[in-house]
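*Asks:* Pasting a structure here, questions to come.
Here, each number is a calculation from the coordinates, and none is a lab measurement. Remember, it's a predicted structure, so these values are computed and weren't measured experimentally. With ideal geometry, Cβ positions are generated from the backbone for all residues, glycine too; neighbour counts draw on all protein chains shown.
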Amino acid sequence: MGIALNGVEISESAILEEMAHHAVAPSPRDAAARALAIRELLLQRARSLGLEPAGDEDTDDAVIDALIAREVRTPEPTDSECLRYYEGHRGQFRSGDLIEASHILFAVTPNAPLNAIRARAEAAVKELLAEPERFADLAAKLSNCPSGAQGGNLGQLGRGDTVPEFEAALFEGNAVGVLPQLVNTRHGFHVVLVNRRLEGRQVPFELAAERIARYLSESVRRKALQQYIRLLAAEAAISGIDFDAADSPLLQ
């Protein structure tokens, strides 16, 4: 069944083109279709308010930004809310933490057989949990990263040295050894070995407060935007898409 929003259809060709931006999603096609549907819904609302785009993508993005600024307003976090978050997540606010790690990258590219790539990566995790001493050998054979030539060795990594989703997997928790779950990033699927953790020092709240405020503000904004989109969807004539599962780069 095709996707339509208030009589405007989203073509299969547009969905296939968009899929390249959602390659590591559990279902790239569903994620692409949802992203395009959300975008169309927001643009329709913008037009109804007189925020008419000129037609090119950059202008569309600007109009969506203007719409969100106008209709999705969120309160700024208070100092006490920021302090409460800091006290509950002290491990996130350290300076100088280093991790010695290795990885095996199973790269995902447009039109790649996603399920087959994920299955091979998951099989590698199982193999290495049983025989971690084989990590360097498998990295040399399987990794799509140049580090494979060095057994997957990435050296010492600090916060900010890698993409956020890879960093989160490394620095959240205290695990050492082969991580039992794949790490999904914009580059593909990673099998990760944490060789050693070198602890830094605790950053005082006063130095972390601005970062925490930005994070909390964005978190509230994302939730408010999700609710706003669902309200728009409830008032629209929609077929072929489920907004209850809405998750899109527009919401990030």
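*Asks:* What angle, in degrees between 0 and 90 and rounded to the nearest 10, separates the Cα long axis of helix 57-71 from the longest principal axis of the Cα atoms of the chain?
*Replies:* With rounding to tens, the tilt is 80 degrees.
*Asks:* For Gln227 and Lys126, what is the calculated FRET efficiency with R₀ set at 41 Å and r taken between the beta-carbons, to the nearest 0.05?
*Replies:* It comes to 0.55.
*Asks:* Hand me the GluC sites (Glu not before Pro) from region 1-49 located in a DSSP loop with no more than 11 other Cβ atoms within 10 Å, in residue order please. The partial results should precede the final answer.
*Replies:* Details: sites: Glu9, Glu12, Glu17, Glu18, Glu40; in loops: none.
Here no GluC sites (Glu not before Pro) fit, given the DSSP loop and packing criteria.
*Asks:* Where in region 107-178 are there GluC sites (Glu not before Pro) that are in a DSSP coil and have at most 12 other Cβ atoms within 10 angstrom of their Cβ? If you can, show how the numbers build up before the last one.
*Replies:* Details: sites: Glu122, Glu127, Glu133, Glu165, Glu167, Glu172; in loops: Glu172.
The qualifying sites are Glu172.
*Asks:* Take the Cα coordinates of the chain, assign each an equal point scatterer, and use the Debye formula without solvent to give log10 I(q)/I(0) at q = 0.13 Å⁻¹.
*Replies:* For the chain, the Cα-only Debye profile gives -1.01.
*Asks:* Right, another one. Tell me the label-point distance for the pair Gln156, Ser239, using the 7 Å Cα-to-Cβ offset, in nm and rounded to one decimal.
*Replies:* 6.2 nm
*Asks:* Follow-up question, since we're still on this one. From the phi angles alone, apply the Karplus equation (6.51, -1.76, 1.60; θ = phi - 60°) to region 201-217 and give each ³J(HN,Hα) in whole Hz, x where the residue is Gly or Pro.
*Replies:* After applying 6.51 cos²θ - 1.76 cosθ + 1.60, I find 10, 6, 7, x, 3, 4, 8, 9, 4, 5, 4, 5, 4, 5, 5, 5, 4 Hz.
*Asks:* Starting from region 71-127, pick out the trypsin sites (Lys or Arg not before Pro) whose DSSP state is loop and whose Cβ has at most 16 other Cβ atoms within 10 Å. Please report the intermediate quantities before stating the final value.
*Replies:* On the way: sites: Arg73, Arg84, Arg90, Arg94, Arg118, Arg120, Lys126; in loops: Arg73.
Listed in order of number, the matching sites are Arg73.
*Asks:* Right, another one. Can you give me the distance in nm between label points at Ser13 and Glu100, each placed 7 Å from the Cα along the Cα-to-Cβ direction?
*Replies:* Output for this residue pair reads 5.5 nm.
*Asks:* Further question on the same structure: Which net charge results when you count Lys and Arg as +1 and Asp and Glu as -1 among the other residues whose beta-carbon is under 15 Å from that of Glu12? Each step should come with its number before you reach the end.
*Replies:* On the way: positive: Arg29, Arg34; negative: Glu9, Glu17, Glu18, Asp30, Glu40.
In short, -3.
*Asks:* Relative contact order of region 94-202, please, whole-number percent, based on alpha carbon pairs below 8 angstrom and at least 6 residues apart.
*Replies:* On the way: 197 pairs, mean separation 49.7, N = 109.
After rounding, I find 46 percent.
*Asks:* Would you mind classifying region 76-141 by shape? Square roots of the alpha carbon gyration tensor eigenvalues, ordered a ≥ b ≥ c; an a/c under 1.5 is rounded, otherwise it is prolate if a/b is larger than b/c and oblate if not.
*Replies:* Working: a/c = 3.36, a/b = 1.98, b/c = 1.70.
Here region 76-141 falls in the prolate category.
*Asks:* Still on this model: Using alpha carbons only, how many degrees (0 to 90, rounded to 10) separate the axis of helix 114-130 from the longest principal axis of the chain?
*Replies:* Between helix and principal axis, roughly 30 degrees.
*Asks:* Work out, step by step, the length gained on full extension between Arg214 and Asp79: first 0.36 nm times the residue separation, then minus their alpha carbon distance; give nm to one decimal.
*Replies:* Working: separation 135, 0.36 × 135 = 48.60 nm, distance 1.20 nm.
Answer, rounded to one decimal: 47.4 nm.
*Asks:* Rounded, prolate or oblate: pick one for region 135-252, where a ≥ b ≥ c are the square roots of the eigenvalues of its C-alpha gyration tensor, a/c under 1.5 means rounded, and failing that, prolate if a/b is larger than b/c, else oblate.
*Replies:* On the way: a/c = 3.49, a/b = 1.51, b/c = 2.30.
The shape class here is oblate.
*Asks:* Give the angle, between 0 and 90 degrees and rounded to the nearest 10, that separates the Cα long axis of helix 28-48 from the longest principal axis of the Cα atoms of the chain.
*Replies:* Tilt relative to the chain: about 40 degrees.
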